[in-house]
Amino acid sequence: MSAYRTYRGLRPRWCLALAIVTLTATAPAILRSAFADGMPQAASVDPVVVHLDEAKILKLPERTATLVVGNPLIADVAVQPGGVMVITGKSYGLTNLVALDRGGTTLVEHALQVQGPRERVVFVYRGVDRESYSCAPNCSRRIMLGDTPTFFGPTLEQTGNLNTAAQGVQPK
């Protein structure tokens, strides 16, 4: 004869199954009530997607006094007149954006996800070295994170010289 305790006549393995089902069903409600009082709202379920080297415009919440970006190496935020913020994707990854009022209360929190470019990009690999090209409609060099330094450096220098010349300043 085996000795075990029962719960309402159920054997131990059924008691364990009942406990798991009960916890699984009630855990979300318990967690919601535990975090509802005095805790800041979690980041929005769907992240704000920004593409690398592109910008996205969002409206600032009323009474925003401070904006905090979790990792400014991934995304940057600039505040514009009229309650507008411009989010720029700087590097691949996921970070967050928090808007606070003057008292330090969280008004909103967004997850920010920076993804690769939407346009047609071709990657050329030579062993472990990578070069990036924008191909829409013709292929031209493109500077992207992850390109080999011998490609990235000269392309960046050419782009800088072009921008300087466009502003009417002689390149150095």
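The values are calculated or read from the model by the stated rules, or taken from the named source; none is laboratory data. The model shown is predicted, which means the values in this text are computed figures rather than measured ones. Note that we place each Cβ from the backbone using ideal geometry, even for glycine, and neighbour counts take in every protein chain shown.
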If we keep just the residues of region 148-172 that are in contact with a strand residue (DSSP E or B) (Cβ under 8 Å, 6 or more places away or on another chain) and modelled with pLDDT of 90 or more, which is surrounded by the most Cβ atoms within 10 Å (Cβ to Cβ)? PHE151
Which is part of a loop (DSSP other than H, G, I, E, B) and either closer than 15 Å to LEU52 by Cα or modelled with pLDDT of 90 or more (or both), of LEU94, LEU145? LEU145
Yes or no: region 127-138 includes at least one residue that is at pLDDT 90 or above, on the phi < 0 side of the Ramachandran plot and either over 26 Å from the mean Cα position of the chain (by Cα) or in the same structural domain as ASN96 (by TED's automatic domain parsing) (or both). yes
Does LEU107 count as assigned to a strand (DSSP E or B), closer than 13 Å to VAL50 by Cβ and touching a residue at least 24 places away in the same chain (Cβ under 8 Å)? no
Of the residues in region 121-136, how many are out of contact with any Lys or Arg (no Cβ under 8 Å at 6 or more places or on another chain), assigned to a strand (DSSP E or B) and among the hydrophobic types (A, V, I, L, M, F, W, C)? 1
Restricting attention to region 106-125, which residues are farther than 25 Å from VAL68 by Cα and of a type in the set (A, V, I, L, M, F, W, C)? VAL121, VAL122, PHE123, VAL124
Residue pairs meeting the criteria (Cβ under 6 Å; at least 6 apart or on separate chains; first free of Cβ contacts under 8 Å to residues at least 12 places away in the same chain, in region 127-144; second surrounded by 12 or more Cβ atoms within 10 Å (Cβ to Cβ)): SER140/SER134
